[in-house]
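Q: Next up is a structure, given as structure tokens.
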Amino acid sequence: MLILFDHGAPWGVSHALRPHTVVTAKARCWERLSNGALLKVAEEAAFDLLFTTDGNLRYQQNLTGRKIAIVVLTGTTKWSRVRLHLERIVATINSATPGSYAEVEIPFQ
């Protein structure tokens, strides 16, 4: 699976996603794109999944008919907390299907 990490996604998660291919929006020079433009170029570039921390994405964008799956990390992005939930994050990403949307809540405590 080809996975795009948005600028806020904790990079440490990528180490748990082998054998998937993970690319950052910054590596593609897409870090300044709006959500709509980012989704468009990601789909055009054949990304299978967008991993983001933008919980407003589903309210700001029409996700109907999208080919790309979206997984949103909500709550805290503090690595000491996120790493405790890697198994859930990886399971959610692995079960994503084209056009699906899922959120993984990381509690602050």
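The values are calculated or read from the model by the stated rules, or taken from the named source; none is laboratory data. On a predicted model such as this, the values are computed, not experimentally measured, just so you know. Glycine also receives a Cβ, built like all others from the backbone with ideal geometry; neighbour counts cover every protein chain displayed. The accessibility values were calculated without ligands, DNA or RNA, using every heavy atom of the protein model including side chains. Shrake-Rupley method; radii C 1.70, N 1.55, O 1.52, S 1.80 Å.
Q: So, of the residues in the range 30-63 that are within 11 Å of the chain's Cα centre (by Cα) and of a type in the set (S, T, N, Q), which turns out to be surrounded by the fewest Cβ atoms within 10 Å (Cβ to Cβ)?
A: Ranking the candidates gives Thr53 first.
Q: Within the range 91-109, can you find the residues that are open to solvent by less than 60 Å² (accessible area, probe 1.4 Å) and either touching a Lys or Arg at 6+ places or on another chain (Cβ under 8 Å) or not small (Gly, Ala, Ser) (or both)?
A: Thr92, Ile93, Gly99, Val104, Ile106, Pro107
Q: Further, regarding this structure: Could you check the chain for helices (runs of 4 or more DSSP H) lying wholly inside it with 2 or more residues that are in contact (Cβ under 8 Å) with a residue 12 or more places away in the chain and of a type in the set (Gly, Ala, Ser)?
A: 35-44
Q: Among the listed residues Arg18, Arg88, which satisfies the condition of being more than 11 Å from the chain's Cα centre (by Cα), within 13 Å of Ile3 (Cβ to Cβ) and either open to solvent by 40 Å² or more (accessible area, probe 1.4 Å) or among the hydrophobic types (A, V, I, L, M, F, W, C) (or both)?
A: Working: Arg88 fails: within 13 Å of Ile3 (Cβ to Cβ).
Answer to the check: Arg18.
Q: Select from the range 64-74 the residues that are surrounded by 15 or more Cβ atoms within 10 Å (Cβ to Cβ) and modelled with pLDDT under 95 and list them in ascending order.
A: Arg66
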